[in-house]
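Reading through the structure tokens given below for one structure.
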Amino acid sequence: MEMEEPSPLLRLTPLIRRRIYSFVGLVSWDPLQPHKFDLHGRDTLVREQPKASAFHGLLLSCRAIYSEAAPLLYSASRFVLHYTHDDDPDPLRPLRALTLTSLASLTALTIVLNQASCHHDFDHRGYHSWCCLDRDQIGLGPADHCKRNHTNAHSLPLLAPSPAYPKPSDKRNDNDNDNANDAPFAAAQQLLANWHSAAARLSHITSGQLDLGLVCDIDPHHERALELATSAIAPLRWMPKLRACHIRLSKTPDPHLQRVAQDAVLQALRIPTPPYSKPSTKTTFITLPAELRLQILEYTDLIIPSREVTWSRQDQGYLVFARESNQSPDRKYRVQFSPCTHYEGDHTLIGCFCRRRHTAFSLTCKCWAPPGPALFLVCRTLCRDAQVTFFSGNHFIVHDYWADPAWTIPFVDMYDQETRPERRYEYPYERLGASQFLRHVVPPHCLAYLRFLELVFPQYLPESWPQAEQPAMKDWQETIEWAKDKIQAPSLTIRLVGAEHGDWGVRIFTDTMTTSEGDAIMRSFQGLLKSLKPLADNGLARFYAHIPYPWRFVGEPQPYMARWDWVSAQERALKERAERFIMGDRYEEQYANGSEEPRLSFWTWTRWAQD
């Protein structure tokens, strides 16, 4: 009996076979941009990526080709498995179906047991790290963006009341309340039982090779949330050591579940946790002198290397400015705090495991976030010391709209940049972002600790700038009157900035502006300057202004660079007039003896904002 001849494909050299595998879509041409496949076989709709059906026949052609092609496929691609919330008796069947060869070759897998938001399927923007909690490019809020782009992609958090089992009320009888309480927990237990059973297959992975992501969004307010979270991460203890691990247990941050996620990741990576040692009872942190305590706290996350903390109306939270620039000062120190959604490289494909946005832990997320409430709840003394350190040791940059990019114009469609909107918009808010920051973000007793405050306004449409007769400007004047006795003006520096549009921004300002439109913008800046005058009268330490020349587009449209020197001279004149108006006779002292303005804030060094 003659032996069967090997496939002609196997007679080719390994290099040529690898190119053939790339041509049919088995592996990506670019190792840094691997293919992404859904284990349920759903189309990914990722651009420039072939469907799995294009090479499925190749895997079935013969045993020899499969033994070579399958390890290549599973080692060079990323895979995702979504738990199917329908009547499927085995929602994680694709995981059970993986052969031992495939499991041993697997290098990247994300398992989504339940996603409440921000971790959408492949067919939503190619399954990258875009998060619903990030800004929407055309000005819609997170909820509107999620509803428009991620319909049916999200589920309720586990244990959350659902229409089928609404939250119990006092008017219902005890039996009804018991059913409402037990039903969500029973459903969650069934999901986790399926997960535990299927996860046993992952015991066959190669140690130190798999990059595993796990998403299981739980309602953190439920009394049994901690119990469910512990059960969700239990299978990781049975697996061999992972190369990387990312866990998310809730859509919103929760300190208790966060600890569960962090411990699970460290254990899966076999990273030992430092042993606990009982502190000495003779000397404690609180018994140290106040000066020494404050110096120690400066080495915590209360002070970031750049000493710049951003707050914006749309972010509604503190953050370190997002983008990186090779020309920015202190770049090597800032990069460690860059938001994880802006990283470049392979780990942008894992989805959103950002600890600032969710209850999640991943070593790829290096986002800065203010220390949790535990630091402020130890005692009143430590709380006060932490507040003094945080508010006095950092510069605070308050953006009236988006911080990144700072020139974003509210309610202007970035995809229709060539024509000016016909509708005229008034200033869209009843109060300025700066007013919201001073009244509701900074505790009133902490206003005295502020040392540097930068107020940034985007390039609103001329008719959208806040005017003196509008509620927002009146509210801002009232806020200054309210805060002037609480702020230590002689210790405070204020900088007023108008953000100009960047090279990649909205181009409606390259159209011809009228003189009256430029006058409207200037009146708004004058109103902002007048409102700050009471702080100057109280001895404001320093004041700086960067105001774009509003009439530079009046007349025939011209390239900005063609009039660079002229525009720069006009803006220098505006800057001096504004600073003299606020500082008065003390203006000369501000620049005396070689004194210079503090360097530009980090957001102005990015390629999306220009100085």
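Each reported figure results from applying straightforward, stated rules to the coordinates on display, with no laboratory input. Computed from a prediction, not measured in an experiment: that's the story for all the values here. All Cβ positions, even for glycine, are placed from backbone atoms using ideal geometry, and neighbour counts span all protein chains on display.
Below 10 angstrom from the Cβ of residue 583, what's the summed charge of the other residues (Lys, Arg +1; Asp, Glu -1)? Before the final figure, lay out the partial values.
Working: positive: 542, 580, 586; negative: 579, 585, 588, 589.
Once positives and negatives cancel, what remains is -1.
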Next on the checklist: Per-residue counts of other Cβ atoms within 10 Å, averaged by peptide: what ranking do you get for 584-595, 226-237, highest first?
Outcome noted: 226-237, 584-595
Next on the checklist: Below 10 angstrom from the Cβ of residue 454, what's the summed charge of the other residues (Lys, Arg +1; Asp, Glu -1)?
Outcome noted: 0
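Calculate the FRET efficiency for residue 580 and residue 381 from the Cβ-Cβ distance with a Förster distance of 35 Å, rounded to the nearest 0.05.
0.20
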Next on the checklist: Below 14 angstrom from the Cβ of residue 95, what's the summed charge of the other residues (Lys, Arg +1; Asp, Glu -1)?
Outcome noted: 0
Checklist entry - In the structure shown, do any of 484/575; 474/575; 251/484; 36/366; 366/486; 366/575 have a Cα-Cα gap over 28 Å, and if so which? => result 251/484; 366/486; 366/575
Checklist outcome for this item: Most packed first (mean Cβ within 10 Å per residue), the peptides 290-300, 76-86 order as 76-86, 290-300
Checklist entry - What are the semi-axes of the equivalent ellipsoid of segment 208-265, taken as the square roots of 5 times the eigenvalues of the Cα gyration tensor, listed largest first and rounded to whole Å? => result 22, 11, 8
Checklist entry - Ranked highest first by average number of other Cβ atoms within 10 Å, how do 58-70, 515-527, 98-110 line up? => result 98-110, 515-527, 58-70
